[in-house]
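Trainee: The structure follows.
Every number in this text was worked out from the coordinates using simple rules, so none of it is lab data. Given the structure is predicted, the values throughout are model-derived calculations rather than measurements. Virtual Cβ from ideal backbone geometry, glycine too; neighbours counted across all protein chains shown.
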Amino acid sequence: MDQIQTIVLGAGVVGLAVARQLALEGQEVLLLESADAFGTGTSSRNSEVIHAGIYYPAGSLKAKLCVKGRQWLYAYCQERHIPHKQCGKLIVATSPGQVVQLASIQAKAEANGVLGSDQLRLLSKEQAQAMEPELSCEAALWSPGTGIVDSHALMLSYLGDFENAGGILALNSQFSSAQIAQGNGKTQFVVRTTDGTEILAESVINSTGLLAPQIARQFSGFKLELLPHAYYAKGHYFSLIGRSPFSRLIYPVPEAAGLGVHLTLDMAGQAKFGPDVEWVQSPDDLSVNPSRGDAFYAEVRKYWPGLKDGALMPSYAGIRPKINSPQETAADFCIMGPQSHGVSGLVHLMGIESPGLTSSLAIAFDVSQALKHKPN
């Protein structure tokens, strides 16, 4: 049986960041990916936004890791010349009743440590429209710390660091099951892939995104009652045909399961709108329903009344890896390590939705620290 120190399951942006971190620390790391390329799941179907850390409950992992991860990510992108832009964003109140919500969002951001040059600033209607003349709003919050990044280039850089540190990426390697073996004060894992390969490892990190709760249930000997259930919140994106009149990101006041139908830009300045929220039963439900565009026009025109009929084109859909049902409050990131489940060398990453990309380097560091802790 092949042996290796550490196996990371899933080569999305977080799996790549984790594998990179552990390899740079000197561990022998094998990164298993079921697809024929890295970063083809949720990491390829998102808004590519570098979040400031505004919306999340104070003290939550999402808040702490987003604020820390954003700082590290900007520094990393600058050092490695990865295409990115700190373009900032406007969170807009489109009705008088939403203006009050802006103050609470600002307070939450400050409680999360979004301070200094990145601190949010409340703008009047006139001030916001001076920045973006096409914008319609009652007031807005200016977030200078928000940005965008070329996520594929970022993942390629993570992979380069990982492989330069001796790490191995195995594509078309689908996880089947794992056996936890404990004895003589030592924990080991027999990891099996669907082609029958068996690998003995000292540590395993489950970073399989949408499938993470399901994969965690395939570790025989693990306490299944500790694991959350997976839920899938699909989001559609529509691209703008033609040139965008906006140079900054435009976000409405957040809604229940997401951040509303917002306008984001890619590195070429192309604008896209999304995501909306549609709870679905399968993580494979990635079809784009063109008829949902009708609702997009209505939502976007609340802050951009100049949007013309026929200007939106169906683009793609992504799915948020939720671990809360539609009726429940949004769950925090779940980094389930030895201190919480009692198994040395095992970390399950579940519910790593937005701001997972922004937080990727900080999540990787936390996983590294979690592996060093002994079970309670």
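Trainee: Quick check on the exposure proxy: order TYR231, TYR316 from fewest to most C-beta atoms within 10 angstrom. Please list the in-between numbers first.
Mentor: Details: TYR231 23, TYR316 17.
Lowest to highest Cβ neighbour count: TYR316, TYR231.
Trainee: About its Cα centre, what dipole magnitude does the chain give when the only charges are +1 on Lys and Arg Cβ and -1 on Asp and Glu Cβ, stated in debye to the nearest 20?
Mentor: With Lys and Arg at +1 and Asp and Glu at -1, about 660 debye.
Trainee: Continuing with this model, one more query. So if I restrict to the alpha-carbon atoms in segment 296-376, what is the Rg, and what is Dmax, the biggest pairwise distance, in Å?
Mentor: 19.5, 60
Trainee: May I ask you to compute the full-extension gain from ALA295 to HIS152, defined as 0.36 nm times their residue separation minus their alpha-carbon distance, rounded to one decimal in nm?
Mentor: Once the chain is fully extended between ALA295 and HIS152, it gains 48.5 nm.
Trainee: If the elastic network links every pair of Cα atoms under 10 Å, which of GLU299, GLU202, GLU79 fluctuates the most in the Gaussian network model of the chain?
Mentor: Among GLU299, GLU202, GLU79, the largest GNM mean-square fluctuation belongs to GLU79.
Trainee: Which lysines, if any, have their Cα less than 23 Å from the Cα of LYS308, not counting same-chain residues under 8 positions apart?
Mentor: Within reach: LYS89, LYS125, LYS272.
Trainee: Let me ask you something else. Would you tally the net charge around ASN289, using a Cβ to Cβ cut-off of less than 12 Å, leaving ASN289 out, and scoring K and R as +1, D and E as -1?
Mentor: Neighbourhood net charge equals -2.
Trainee: Same structure, new question: For segment 59-132, what is the charge dipole size about the Cα centre, in debye to the nearest 20, if Lys and Arg each add +1 at the Cβ and Asp and Glu each add -1 at the Cβ?
Mentor: 280
Trainee: Only one of the listed values, (i) 69, 42, 41; (ii) 75, 75, 39; (iii) 64, 59, 43, was derived from the coordinates as Cα extents along the principal axes in Å; which label is it?
Mentor: Label (i) holds the value from this structure.
Trainee: Same structure again: Distance from the Cα centre of segment 169-230 to that of segment 264-283, in angstrom?
Mentor: Rounded to whole Å, the Cα centres lie 31 Å apart.
Trainee: Helix-only estimate, please: 222 nm mean residue ellipticity of the chain, summing -39500 (n - 2.57) across DSSP H runs of length 4 or more and dividing by its residues, to the nearest 500. The partial results should precede the final answer.
Mentor: Details: 9 runs with 103 residues, N = 376.
Value at 222 nm, helices only, nearest 500: -8500 deg cm²/dmol.
Trainee: Principal axis extents for segment 251-335, Cα atoms only, whole Å, descending order, please.
Mentor: Rounded to whole Å, the extents work out to 41, 27, 27 Å.
Trainee: Right, next: Considering Cα pairs under 8 angstrom that are at least six residues apart, work out the relative contact order of segment 285-349 and quote it in whole percent. If you can, show how the numbers build up before the last one.
Mentor: Working: 42 pairs, mean separation 15.7, N = 65.
Averaging sequence separation for qualifying contacts and normalising by length gives 24 percent for segment 285-349.
Trainee: Taking amide H atoms as placed 1.01 Å from N in the peptide plane, list the residues 5 or more away in sequence, or in a different chain, whose amide H sits under 5 Å from that of LEU31.
Mentor: Amide H to amide H, under 5 Å and 5 or more residues apart or across chains, LEU31 pairs with VAL8, ILE168, LEU169, ALA170.
Trainee: Quick check on packing: order 330-337, 207-214 by the mean number of other C-beta atoms within 10 Å, highest mean leading. Don't jump to the answer; show the numbers that get you there.
Mentor: Numbers: 330-337: 20.2, 207-214: 23.2.
Ranked by mean Cβ neighbours within 10 Å, highest first: 207-214, 330-337.
Trainee: Same structure again: 5 Å is the cut-off here: which amide hydrogens, built 1.01 Å from N in the peptide plane, fall below it relative to TRP279, excluding neighbours closer than 5 in sequence?
Mentor: LYS234
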